[in-house]
1. Where both residues lie in segment B:3-112, what percent of DSSP beta bridges are antiparallel, nearest 5?
2. What's the longest piece of chain A with no exposed trypsin sites (Lys or Arg not before Pro), counting a site as exposed if DSSP puts it in a loop and it has at most 14 other beta carbons within 10 Å?
3. Peptide B:15-23: average number of partner chain Cβ atoms within 10 Å per residue?
4. Would you work out which of B:L69, B:T81, B:A40 lies farthest towards the positive end of the dipole of chain B? Charges go on Cβ: Lys and Arg +1, Asp and Glu -1.
5. Tilt of helix A:22-33 relative to the longest C-alpha principal axis of chain A, in degrees (0 to 90, nearest 10)?
6. Rounded to whole Å and sorted largest first, list the principal axis extents of the Cα atoms in segment A:1-116.
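Where a number appears in this text, it was derived from the coordinates with a stated rule and is not lab data. Nothing here was measured: the structure is a model prediction, and the numbers come from that model. With ideal geometry, Cβ positions are generated from the backbone for all residues, glycine too; neighbour counts draw on all protein chains shown.
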Amino acid sequence: MRPAPDLKASVQTLHLVFAAEPDAVRDGLARMMALPPLSGLSDDDRGTAEVVLAEVLNNVAEHAYANGPGTVAVTLVPVGLGLDCLVVDQGVAMPDNRLPAGKLTAGPGTPVEDLPEGGFGWHLIRVLTRNLSYAREGGCNRLSFTLPNGG
Amino acid sequence: MQLQTQTRPRLLSVLVMEDRIDAASAIQFKERMRDLTQTADGRVVLDLARVMFLDSSGLGAIVAVKKLLAPDRVLELSSLTPTVEKVFRLTRMDTIFTIHPSHEVAVSHAASA
């Protein structure tokens, strides 16, 4: 017998914990994208959510846990016009306890030899989220932001 | 990282057979592209029709391939899916690459150039 459709699925909170390393991040993202609340978003909003979450989680893997392995916890809570997201890890703090500026250094006319091969991540996070906030608390990094619907 | 190539005079087409180029696959993508482009000459058109997701690591790898080919050869792109197009646009990399709407357009453009 098939279970009855869960009519509350679209307002469910999702909480996932996984290893912060590239393959586990890819698997964790795939699991998140297939579950409410992300599975219920429009294609465009799902794409945006996947980009932002991938950037945030890969930053944790590459920087917070640069010196050794660890886990990352993601909580997604549907709010009126989007999703509130909280990402917590126990890695090293952000430099100067603040978020990188994420300024783009290239645009039309930049010579090919000067093109950056990185540094896009925080720019993407900043332009695709609202209420971006970082705190270092009790040995944890706590990054919170809102993914707006139709953003 | 599965890449399918097709060689025409002065044009190498590379179709990415994966649905994502991300932090877990970016280095492998860059190395495979370097190997594939070593033996051919002319333009390289990277067909991203099957790539549904690209993160900043994947974008950085595509930029790195463009830099590897410069100054004698160019890397052009075709068939960006919506999320990939968004990443290129928001990072202004859409102003750095020639981006063709389809692989067919990319090939005919190259042939007439």
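1. If I count the DSSP bridges inside segment B:3-112, around 30 percent turn out antiparallel.
2. A:9-97
3. Rounded to a whole number, the mean comes out at 3.
4. So the residue furthest toward the plus end is B:L69.
5. 40 degrees
6. 60, 37, 26
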